[in-house]
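Asks: If you scroll down you'll find the structure; I have some questions about it.
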Amino acid sequence: MSAPLFLVGSLPPADSYTLAGPEGHHAATVQRLRVGEELLLADGRGGTATAEVVSVGKGTLDLTVTSRRYADPPDPRLVVAQGIAKGDRGELAVQAMTEVGVDEIVPWAAARSVVQWRGERGGRARDKWAATAREAAKQSRRPWLPVVSGDPSCSTAQVADRVGAAAGAYVLHEEASVPLSRVDLPTDGEIVLVIGPEGGISPDELARLAAAGGVPVRLGPEVLRTSTAGVAALSVLAARLGRW
């Protein structure tokens with residue numbers, strides 16, 4: 001089993017380091033790491049370090065760093081505008097997309113989103129998505145932490161702006177005739193995927209996104225849930241771009 005990963009503000013410059021705070025508590029008390037075991041430290045910005053536990057305290061671990069690495073940021077960069085969904089479906093989507101390599105998630109207040117994020121509630125909901133992405137990145141041992149960006153709920157106009165500025169943009173739609181597995185993909189820059197909410201993307205939204213440069217695509221004959229469409233589409237892109 002691979003070594004567990006813990007996020008730190010910055011990688012230790014010296015070879016001796018004490019992991020404390022919430023991450024130290026999780027490592028020492030929850031996972032119960034012991035002397036001699038290895039773990040990974042990551043700054044979420046491409047830097048990782050392998051370390052060995054040399055002593056265990058109350059909610060802390062004393063470590064010796066044995067190696068350091070840096071992973072370049074992925075290119076092309078994968079961005080998903082995810083329609084806000086009700087219940088825990090949005091968080092399930094964020095978790096799964098993080099595990100397969102999404103680089104940025106934009107919460108989209110689509111016309112058919114049942115739930116709308118406004119005011120303090122919107123800030124809390126976006127923070128919950130960010131926390132979900134953080135934990136999923138740790139679980140999947142990612143050196144780069146995905147970003148949950150934008151306003152607590154981006155408008156269709158804002159999503160259309162991202163589509164227009166992207167190197168390639170694709171709108172998942174069940175009535176599209178072109179499969180995502182066959183469209184031309186850029187070799188660098190930003191690729192934007194647009195995923196609708198439970199009720200799908202409205203005709204007006206589809207027209208606006210297409211006018212901005214978004215290509216309507218499908219995954220297959222099945223109609224996927226909003227919580228699974230993103231991870232399926234990202235899996236196709238990961239394979240085609242050589243990430244997998």
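Asks: Would you order W144, W129, W244 from fewest to most other beta-carbon atoms within 10 Å of each residue's own beta-carbon?
Replies: W244, W144, W129
Asks: Here's something else I'd like to know. For the stretch 92-189, what value does the Rg/Rh ratio take when both radii are computed over Cα atoms and Rh is the Kirkwood radius, given to two decimals?
Replies: 0.98
Asks: Within the chain, what percent of beta bridges assigned by DSSP are antiparallel, to the nearest 5?
Replies: Working: 19 of 44 bridges.
DSSP beta bridges in the chain are roughly 45 percent antiparallel.
Asks: Just want the ordering: E38, E120, from fewest to most Cβ atoms lying within 10 Å of their own Cβ.
Replies: E120, E38
Asks: Under unit Cβ charges (Lys, Arg +1; Asp, Glu -1), what dipole magnitude, rounded to 20 debye, does the chain have relative to its Cα centre?
Replies: Computed about the Cα centre, the dipole is about 380 debye.
Asks: Take the alpha-carbon centre of the stretch 30-104, take the same for the stretch 205-244, and report the distance between them in whole Å.
Replies: 26 Å
Asks: I'd like to know which of T132, I105, G122 lies farthest towards the positive end of the charge dipole of the stretch 95-142, counting +1 on Cβ of Lys and Arg and -1 on Cβ of Asp and Glu.
Replies: Checking the options against the dipole of the stretch 95-142, the answer is G122.
Asks: How about K86: which lysines have a C-alpha closer than 22 Å to its C-alpha, ignoring those fewer than 8 places off in the same chain?
Replies: Cα-Cα hits under 22 Å: K128.
Asks: Which of Y170, I201, A85 sits closest to the plus end of the dipole of the stretch 77-240, meaning its Cα is farthest towards the positive end, when Lys and Arg get +1 and Asp and Glu get -1 on the C-beta?
Replies: Toward the positive end, the furthest listed residue is A85.
Asks: Right, something else. If we count other beta carbons within 10 Å of each Cβ, what is the order of S113, S155, fewest first?
Replies: S155, S113
Asks: Whole number please: convex hull volume per residue, Cα atoms of the stretch 77-240, in Å³. Can you show the working numbers first?
Replies: Numbers: hull volume 16.4 nm³, N = 164.
Once divided by residue count, the hull of the stretch 77-240 is 100 Å³.
Asks: Percent relative contact order of the chain, based on C-alpha pairs within less than 8 angstrom and at least six residues apart?
Replies: So the answer I get is 20 percent.
Asks: Ok, one more. Suppose we look only past 23 Å in the calculated P(r) of the stretch 22-126. What percent of the Cα-Cα pairs does that tail hold?
Replies: 52 percent
Coordinate-derived values only; no laboratory data. A quick note: this is a predicted structure, and the numbers were derived from the prediction, not measured. FYI the Cβ positions are ideal-geometry reconstructions off the backbone, even for glycines, and counts take in every protein chain you see.
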